[in-house]
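S.K.: What follows is a structure written as structure tokens; I'll ask about it next.
The values are calculated or read from the model by the stated rules, or taken from the named source; none is laboratory data. From a predicted model like this one, the values you see are computed outputs, not experimental measurements. Neighbour counts run over all protein chains shown; Cβ positions are idealised from the backbone, glycine included. In case anyone asks, the SASA skips ligands and DNA or RNA and just uses the protein heavy atoms, side chains included. Shrake-Rupley method; radii C 1.70, N 1.55, O 1.52, S 1.80 Å.
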Amino acid sequence: MKKIVISALSVIFIAGIWMLVNFSRFSKVSYDKQILLDNQSAYNTLVQVCLSDFDTVKDSSSICTYSISKDNQSLLCYNSEKTIHLNSVQKQAAKVVNDTFRLDKHSLEYLRVTSDNVIFAIANGRASFIYSKDDVKPNFVNTPNEKNGKIYIEKMADNWYFVCKQD
């Protein structure tokens, strides 16, 4: 009986250690990878619009922030205070992104753009979908300038990553 109790406690102890070590390998933020995979062309369309505009304003800022208008007709660049009017394909892409994007039970708040990334972010800053132009794994959640503790990173498709804070 003593051997059985010791064996059972050992198994429970080892399982507990394994769970602690491996828990950090899983996202602490709810998300659905299929959202992006099923609508990747729409997300890529907005990425191209943002990167193209960023090339025109990047001299004044290393990071630009954009939002999609409520009617999906345009993007607003906060840095240059410029409105980017979308063509019909881009409008449809903006609608798809607005209708499908969901991270941590939040809708899309804004797009942050750097010379290498387009970050699809939420208001609480806990998670984002990140497009990496050179397919380099990001080491941040919201901007390259932020200091993060532990983060979870998952490659979802070529150039696309899900990233979230773990603390």
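S.K.: Restricting to region 75-109, what's the tally of residues that are assigned to a strand (DSSP E or B), more than 20 Å from Q40 (Cβ to Cβ) and under 16 Å from the mean Cα position of the chain (by Cα)?
M.R.: Of the residues in that region, 1 qualify.
S.K.: I'd like the full set of residues that are part of a helix (DSSP H, G or I) and either within 18 Å of S74 (Cβ to Cβ) or of a type in the set (V, I, T) (or both), limited to region 28-53.
M.R.: Hits for region 28-53 are I35, A42, Y43, T45, L46, V47, Q48, V49, C50, L51, S52, D53.
S.K.: For a quick check of your reading of the model, give me the residue pairs whose first member lies in region 58-70 and is closer than 19 Å to V97 by Cα, whose second is open to solvent by 30 Å² or more (accessible area, probe 1.4 Å) and modelled with pLDDT of 90 or more, with beta-carbon atoms closer than 6 Å and at least 6 apart or on different chains.
M.R.: Close Cβ pairs satisfying both conditions: T65/Y110; T65/R112; S67/L76; S67/Y110; I68/N98.
S.K.: Residues being in a loop (DSSP other than H, G, I, E, B) and of a type outside the set (D, E, K, R): count how many of those fall in region 149-167.
M.R.: 3
S.K.: Mind telling me which of the residues S88, S128 ends up being surrounded by fewer than 19 Cβ atoms within 10 Å (Cβ to Cβ), among the small types (G, A, S) and at pLDDT 90 or above?
M.R.: So the residue among S88, S128 that is surrounded by fewer than 19 Cβ atoms within 10 Å (Cβ to Cβ), among the small types (G, A, S) and at pLDDT 90 or above is S88.
S.K.: Another question, if that's okay. Listed residues K82, K70; which is over 14 Å from F129 (Cβ atoms) and loosely packed, with under 14 Cβ neighbours inside 10 Å?
M.R.: K70
S.K.: Now for a different question. Kindly indicate the residue of region 43-57 that is open to solvent by 20 Å² or more (accessible area, probe 1.4 Å) and free of Cβ contacts under 8 Å to residues at least 60 places away in the same chain and also farthest from the chain's Cα centre (by Cα) among those meeting that condition.
M.R.: Applying the filter and picking the extreme gives T56.
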